[in-house]
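Worksheet for the structure shown next.
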Amino acid sequence: MTRQSTDASRPAAPGGEGKGLAAGTLGLWGSVVIGLASTAPVYSLVATLGFVVLAVGAQAPIAFIVAFIPMLFIAFAYRELNRAVPDCGTTFTWGTKAFGPVVGWMGGWGVAVAGMVVLANLAQVGGQYLWLLVGDGSLASNVPLVTATGVAFIALMTWVSYRGVEFGERVQNLLLAVQYIALVLFVLVAFIHVANGTAPNATPVTLDWFNPLAFTDYSGFIEAVLLALFIYWGWDTCLALNEETKDPKRIPGRAALMTTVILLVTYVGVAVAAMSYAGLGESGAGLGNEDNANDVFLALKDLILGPWAWILVVAVLVSAVSSTQTTILPTARGTLAMAAYRALPRRFATVHPRYHTPSFSTLVMGIVAIVYYVGMTFISENILADSILSLGLAIAFYYGITGFACVWYFRKELFRSARDFFFKGLFPLLGALMLAYAFIQSCIDMYDVDYGYTVLLGIGGTFVVGVGALAFGVVLMLIWWTRPASRPFFRGESLNRNTAVLVPDAPENYGRSIDGGLT
């Protein structure tokens, strides 16, 4: 049996047999594919491009670039922490090692909240776009049918995740290829129309599109950047699969950086193509038309691709469904790690003996997502919509914790070299501060009763749902804190800066304390 270090004076390097996951399964390409699939590039563009253009007009491309900066800085933090502590608990594990069990637990809860909320949205989008392909598309407005279809998608992708990361990677290779074929086709044909003079509102590309000083509305700029932050979210799935990669200390970090750069090129390229083709007018196909904001692709697909327009519909469907599967992966591994270190009931640490996946955590994630999706749809689709709008709070929350954790964890190493100063200190700190500002500004905006679709307790429903979801984590943490099984974690015994981060394979050993005795 591999034990965690009991010598607080001797840092314990990662080692041992791990948590029973399928070690050495993913290479660099597989990690990048899963990272890209997690961000759902086609769906993300559908959900945000139109609103970003409404907020800042011609400066949409530079808004995507500015939003990329904190993501890149936080990706550096993930990379450096992963090199030192390649644990699938990511924010939970790193936050605990840097700041203690309370911050770590809440960081893990932030990951879970973001995953649960976005799964409901992805399921709904998948259901709607599937039925848009049938007949005249009117079935996409049938709420019970769309909801049942969304539930089926969550169940299917939960099964894919349950079957193993290698099986999931093969599925994602195919689904991601469909997405990028559609995006490349959209960009190329749009520019061909512009060159041939057949675009409805051909608009020449200018340097002002990429000029950060050209913003005339500061509040619109902040709104656009906050919107754009959402579309980069998801690349950290690469890190949650670190224990299943062939080189867990290096490949996940490299994959995360590659993913963010690929996303930057994708989003800016598509934004420029759409703006060049449709222009920024407030009527017709113009991107300034509020009627087009909810789905730019739906508004332009027939004009650009004609009889091939169905490809874009399929791409959005595939994007939502593929992200459903990759969203389950990090959350299930996060709860696996939390259970392994006694921050959750040890049942969550169960690993399937054949598929080497966190079987119980995966099933629970799928079931909770279904219950949440159906429940919110039944209670109020407006509340469901507000929960999706509040998603940025959970993202900024746990990404910010990771950035601050990196600086504090490596605080004694920051001045050893220029590389350490920038990549372990300055960049993660700047990224965390940017996200902290994004969190605070989002709370202020969401508090307004005019923000979102509902008003709850006399204030904006989006604020209530977003902050309430994070606050509910405090309640759950306190409930678990009262259980005797949680004492090793909250006392800092089962996980602290000096304990080993990997635990034995054997599930029966998860219930043992760090000195090897049963607790």
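The values are calculated or read from the model by the stated rules, or taken from the named source; none is laboratory data. Keep in mind it's a predicted model, so treat the numbers as computed, not measured. Using ideal geometry, Cβ is built from the backbone for each residue, glycine included, and neighbour counts are taken over all protein chains shown. The area values use the complete protein model at the heavy-atom level, side chains included, leaving out ligands, DNA and RNA. Shrake-Rupley method; radii C 1.70, N 1.55, O 1.52, S 1.80 Å.
Structure notes:
- A single entry from VAL160, VAL117, VAL102, VAL151 fulfils the requirement of being under 26 Å from THR266 (Cα atoms) and in contact (Cβ under 8 Å) with a residue 12 or more places away in the chain: VAL117.
- Selected residue [at pLDDT 85 or above and at positive phi] from GLY50, GLY57: GLY57
- Looking at PHE404, PHE415, PHE397, just one residue is free of Cβ contacts under 8 Å to residues at least 40 places away in the same chain and either in a helix (DSSP H, G or I) or aromatic (Phe, Trp, Tyr) (or both), and that residue is PHE415.
- Applying a threshold of 8 Å to beta carbon distances and a minimum spacing of six or more residues, or different chains, the list of pairs starting in segment 259-288 at a residue that is free of Cβ contacts under 8 Å to residues at least 24 places away in the same chain and of a type outside the set (A, V, I, L, M, F, W, C) and ending at one that is open to solvent by 10 Å² or more (accessible area, probe 1.4 Å) and part of a loop (DSSP other than H, G, I, E, B) reads GLU282/GLY288; GLU282/ASN289; SER283/ASN289.
- Hey, LEU303 open to solvent by 30 Å² or more (accessible area, probe 1.4 Å), of a type outside the set (Phe, Trp, Tyr) and more than 27 Å from the chain's Cα centre (by Cα) or not: yes
- Residue in segment 83-92 that is under 30 Å from ILE479 (Cβ atoms), assigned to a helix (DSSP H, G or I) and touching a Gly at 6+ places or on another chain (Cβ under 7 Å) present: yes
- Single unsatisfied condition, ASN294 versus (1) modelled with pLDDT under 90; (2) within 15 Å of the chain's Cα centre (by Cα); (3) of a type outside the set (D, E, K, R); (4) open to solvent by 20 Å² or more (accessible area, probe 1.4 Å): (2)
Residue-by-condition table, conditions (1) of a type outside the set (Gly, Ala, Ser); (2) at pLDDT 90 or above; (3) crowded, with 20+ Cβ neighbours inside 10 Å:
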{"position": "LEU183", "(1), (2), (3)": "yes, yes, yes"}
{"position": "ALA214", "(1), (2), (3)": "no, no, no"}
{"position": "GLY220", "(1), (2), (3)": "no, no, no"}
{"position": "GLU223", "(1), (2), (3)": "yes, no, yes"}
{"position": "PHE230", "(1), (2), (3)": "yes, no, yes"}
{"position": "THR237", "(1), (2), (3)": "yes, yes, yes"}
{"position": "THR259", "(1), (2), (3)": "yes, yes, yes"}
{"position": "LEU264", "(1), (2), (3)": "yes, yes, no"}
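- Each residue in segment 151-181 was checked for being in contact with a Phe, Trp or Tyr (Cβ under 6 Å, 6 or more places away or on another chain) and either open to solvent by 30 Å² or more (accessible area, probe 1.4 Å) or part of a helix (DSSP H, G or I) (or both), and 1 pass.
- Hey, VAL117 under 17 Å from the mean Cα position of the chain (by Cα) and open to solvent by less than 50 Å² (accessible area, probe 1.4 Å) or not: yes
- Against the test of being assigned to a helix (DSSP H, G or I), within 21 Å of the chain's Cα centre (by Cα) and under 30 Å from ASN292 (Cβ atoms), the options ALA123, ALA77 yield a single qualifying residue, ALA123.
- Per the listing GLU244, GLU282, the residue uniquely open to solvent by less than 10 Å² (accessible area, probe 1.4 Å), farther than 16 Å from GLN128 by Cα and charged (D, E, K, R) is GLU244.
- Criterion (in contact with a Pro (Cβ under 9 Å, 6 or more places away or on another chain), farther than 27 Å from VAL146 by Cα and either open to solvent by 40 Å² or more (accessible area, probe 1.4 Å) or at pLDDT below 95 (or both)) met by exactly one of HIS352, HIS356: HIS352
- The one condition from (1) under 23 Å from GLU166 (Cα atoms); (2) assigned to a helix (DSSP H, G or I) that LEU384 does not meet is (1).
- In segment 397-423, the qualifying residues are those that are among the small types (Gly, Ala, Ser) and open to solvent by less than 10 Å² (accessible area, probe 1.4 Å), and the one that is farthest from the chain's Cα centre (by Cα) is ALA405.
- Of all residue pairs spaced 6 or more apart or on separate chains, those with beta-carbon atoms under 7 Å, a first member in segment 325-350 that is under 24 Å from ARG170 (Cβ atoms) and a second member that is open to solvent by 10 Å² or more (accessible area, probe 1.4 Å) and acidic (Asp, Glu) are PRO330/ASP236.
- Residues of segment 192-212 classified as touching a residue at least 40 places away in the same chain (Cβ under 8 Å), of a type outside the set (S, T, N, Q) and surrounded by 10 or more Cβ atoms within 10 Å (Cβ to Cβ), total: 10
- Complete set of residues in segment 447-473 that are more than 21 Å from the chain's Cα centre (by Cα), open to solvent by less than 30 Å² (accessible area, probe 1.4 Å) and of a type in the set (Ser, Thr, Tyr): THR454
- Residue match in segment 308-327 (condition: surrounded by fewer than 24 Cβ atoms within 10 Å (Cβ to Cβ) and touching a His at 6+ places or on another chain (Cβ under 9 Å)): no
- Test for TYR372: is it over 21 Å from ASN242 (Cα atoms), surrounded by fewer than 22 Cβ atoms within 10 Å (Cβ to Cβ) and hydroxyl-bearing (Ser, Thr, Tyr): yes
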